[in-house]
Amino acid sequence: MTLDGVPRQIFLAGQWRDAADGSRFGVQDPGTGQQLCEVSDAQDADVGEAIEAAVAKQEEWAATPPRERGEILRRAWQLMTDRADELARLMTLEMGKSLAESKAEVTYAAEFFRWFSEEAVRIDGRYARSPAGGGRVLVSKHPVGPCILVTPWNFPLAMGTRKIGPAIAAGCTMIVKPAQLTPLSMLNLAGLLKEAGLPDGVLSVLPSTSASRVVNPALADPRIRKLSFTGSTEVGRKLVEQCAPNLQRMSMELGGNAPFLMFEDADLDAAVKGAVTAKMRNNGESCVAANRFHVHSSVAGEFVRQLTEAMSSLKVGHGTEDGVKVGPLISAEQRDKVVELVEDALSRGAHATTGGKALDGDGFFYAPTVLTDVPPDARILREEVFGPVAPVTTFEDEDEAVRLANDTEFGLVAYVFTRDLDRAIRVGERMATGMVGLNTGLVSNASAPFGGVKASGFGREGGAEGIEEYLDVKYMALSLSGTP
Ligand code: SIN
């Protein structure tokens, strides 16, 4: 694919332009390790201009009719849907995932626009009589104001649309800082939103080699009223501190360490299928990826046998090749981290029933891997793998399963497989996570509130909850004379 027509400049308040000092940086194809193209590298002056533009446009944008904002999102959904193949190909080139995965992400990403096009016209309020009589309580909701949205490389479109969608719907202006490794999909999306009718000034997209160059001035400016961040817990903690002086609103979608629990009464085929989905979606590079598999000892042998068979049959290769299910990891650094975690587990007595190594050749490939006999002190059970590795351990009863699942600082999602409805609800309620997949390996859905607890962050994206993150509540007290 040529990259003709794919924007590589900064999108500043609706206009394409070079960085203030003309600097650029390279974007690579993780499937070959080769550079794809260069993109403008936003500088301090560009960030300053984007902040001014977002602030200047806020009042006018907030006053646009909700239906108008909804229609823009609806047109953007349509454009994304019409261009799904093209968007998917670009995503595969810069991020590595297979074309089928990229296509699924385009659909998922577009769905946030369709969902929030419908939410834009449902921003509600309340009118109530005060308990003492005489007074009235008027509650209304208003856009929080200009936002800074920071998106990760693993879902280059969807993690953007689930922030941009509700921000547009609520009437907020915004600056987006896309991941340095995958800026092209987001720049392309900016062009598409302009085509869908998004007025100049509402959105700026600033790719940069330095996240802090973009984020720090925004958070230091009290006129920027919200940060939405998807990324590591380590960075999230620092950003929370940075928001303290100006008390900006925050949504923090941080790391995970998802447990996958399979009970002895589970449907084995469904559990293996769910395990492959929960583990291998996005090459395992997802914060909702099942990170560790805890299986009842009576069914562990058969589960491992079938999971090994399923994992070893997945075709690995460049994401654009036919039939490929597993693409490269995003970078040499990410691949080396997976190598390190697996070596650590093997050195402590774990065994690989398939995979267990990086693959030779160009690009950053790692073989789909199943590990058994993983001891509790193995790092892979505690750290987010972000790769195609499934470590399996066993448990004897429900209490032990729950204890193992919750024995982590993270709390994003848990997967529970059982045919017993009572147990599903009982265990689901005991999971210290923001989300639970019951007999499914996929929880992501634009109509549902995505988010975690504990070190996985706070705030929700998607669902009816998603737009609330971009709205402030105002209460007006009304004193009525002559009424009881
Ligand atoms: C993530 O990995 O950050 C989110 C994945 C999803 O929305 O499914």
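The values are calculated or read from the model by the stated rules, or taken from the named source; none is laboratory data. As the structure is a computational prediction, the values presented were derived from the model and not from experiment. With ideal geometry, Cβ positions are generated from the backbone for all residues, glycine too; neighbour counts draw on all protein chains shown. SASA here: full protein model, heavy atoms, side chains in, ligands and nucleic acids out. Shrake-Rupley method; radii C 1.70, N 1.55, O 1.52, S 1.80 Å.
Things worth noting here:
- Ranked by the mean number of other Cβ atoms within 10 Å of their residues, highest first, the peptides 184-193, 163-172, 239-248, 435-444 fall in the order 163-172, 184-193, 435-444, 239-248.
- Cα-based reach from K474 at 15 Å (exclusive), listing aspartates and glutamates while leaving out same-chain residues under 8 positions away: D124
- Nearest 10 degrees, 0 to 90: helix 44-62 Cα axis against the chain principal axis: 60 degrees
- The length gained by stretching the chain between E465 and I425 to full extension, at 0.36 nm per residue less their Cα-Cα distance, is 12.2 nm.
- Rounded Å value of the spacing that divides the Cα centres of region 1-56 and region 99-151: 29 Å
- FRET E, pair D373, Q78, Förster distance 56 Å, beta-carbon r, rounded to 0.05: 0.65
- Separation of alpha-carbon centers, region 380-453 and region 187-205, rounded to whole Å: 38 Å
- Distance histogram in 20 Å bins (all Cα pairs of the chain, percent per bin): 24, 53, 21, 2, 0
- Entries in K177/K273; K97/K337; K97/K194 that, when Cα-Cα distance is taken, lie over 30 Å: K177/K273
- Segments 209-222, 89-102 sorted - mean Cβ within 10 Å per residue, highest first: 89-102, 209-222
- Test item: Cα-centred dipole of the chain, Lys/Arg +1 and Asp/Glu -1 on Cβ, debye: 1440 debye
- The slack in the chain from S212 to D407, taken as 0.36 nm per residue of separation less the alpha-carbon distance, amounts to 66.9 nm.
- Using a Förster distance of 22 Å, the FRET efficiency for D85-T64 (Cβ separation, nearest 0.05): 0.10
- Using the Cβ-Cβ distance between H351 and A220 with R0 = 35 Å, the FRET efficiency computed as 1/(1 + (r/R0)^6) comes to roughly 0.10.
- Relative contact order [Cα under 8 Å, 6+ residues apart], the chain, whole percent: 18 percent
- With eigenvalues of the C-alpha gyration tensor scaled by 5 and rooted, region 258-446, Å: 26, 17, 16
- Averaged per residue, the chain has 39 square angstrom of accessible surface, using a 1.4 angstrom probe with ligands and nucleic acids left out.
- Cα→Cβ-extended label distance, 7 Å offset, between Q9 and A270, nm: 5.4 nm
- Net charge contributed by nearby residues that have their C-beta within less than 12 Å of E340 (K/R +1, D/E -1): -2
- Selection from T408, A300, A275 lying farthest towards where the dipole of region 258-446 points positive, charges on Cβ: A275
- 0 to 90° range, to nearest 10: angle between helix 332-347 axis and the chain longest Cα axis: 40 degrees
- Zone residues, region 458-483, relative to S140, backbone N less than 11 Å from point 7 Å out along Cα-to-Cβ: 474-476
- Beta bridges by DSSP in the chain, antiparallel share as percent, to the nearest 5: 45 percent
- Close amide H pairs (under 5 Å, H built 1.01 Å from N) link T393 with F293, H294, V295, residues at least 5 positions away or on another chain.
- Stretching the chain fully between E343 and E38 yields a gain of 106.3 nm (0.36 nm per residue, less the alpha carbon separation).
- Taking packing as the residue-averaged number of other Cβ atoms within 10 angstrom, the listed peptides 452-463, 278-289, 130-141 run from highest to lowest as 278-289, 452-463, 130-141.
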